[in-house]
1. All but one of (1) at pLDDT 80 or above; (2) within 15 Å of the chain's Cα centre (by Cα) hold for residue 43; state the number of the condition that does not hold.
2. I want to confirm something. Restricting to region 12-34 and keeping residues that are modelled with pLDDT of 80 or more and surrounded by 12 or more Cβ atoms within 10 Å (Cβ to Cβ), which single residue is nearest to residue 66 (Cα to Cα)?
3. Any idea which of 49, 6 is at pLDDT below 90 and either closer than 19 Å to residue 83 by Cα or touching a His at 6+ places or on another chain (Cβ under 6 Å) (or both)?
4. Name the single residue that is surrounded by the most Cβ atoms within 10 Å (Cβ to Cβ) among those in region 40-91 being among the acidic types (Asp, Glu) and in a strand (DSSP E or B).
Amino acid sequence: MKWLELIKLQSSAKSSGLLEEFLLPMARVSQSGLVEIKTSRHAVLGTGLSVHLHWESDRAEQNGSTVGLSLARALKEFGLIDHSIWLEEEK
């Protein structure tokens, strides 16, 4: 099963330093089932950031993975967090 863990941060301050502080070390995380980590910035607002954790496993973690929950908890001090799980549609 392929699934996506999406963590969105809406901050009142620019989040440019957050990538280096939290996300780049995560690129070295070796978690079973974690296929890819992608990040995006809001097109207009410099204060919006999203992290996409792409997973492939027997089942999706309905409340989030250990990696995703840790990241969401760490980023929470910078603003509002939306943490959700999405299942890939089968063709």
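The values are calculated or read from the model by the stated rules, or taken from the named source; none is laboratory data. Just so it is clear, the model here is predicted, and its values are computed rather than measured. Positions of Cβ are backbone-derived with ideal geometry, glycine not excepted, and every protein chain shown enters the neighbour counts.
1. (2) is the only condition that residue 43 fails.
2. Kept after step one, since they are modelled with pLDDT of 80 or more, are these residues of region 12-34: 31-34.
Narrowing the set further to residues that are surrounded by 12 or more Cβ atoms within 10 Å (Cβ to Cβ) leaves 31, 33-34.
Working: 31: 9, 33: 12, 34: 11 Å.
My answer is 31.
3. 49
4. Step one: list which residues in region 40-91 are among the acidic types (Asp, Glu), which gives 56, 58, 61, 77, 82, 88-90.
Pick out the ones that are also in a strand (DSSP E or B) and you get 56, 82.
Values: 56: 13, 82: 11.
In this case the residue turns out to be 56.
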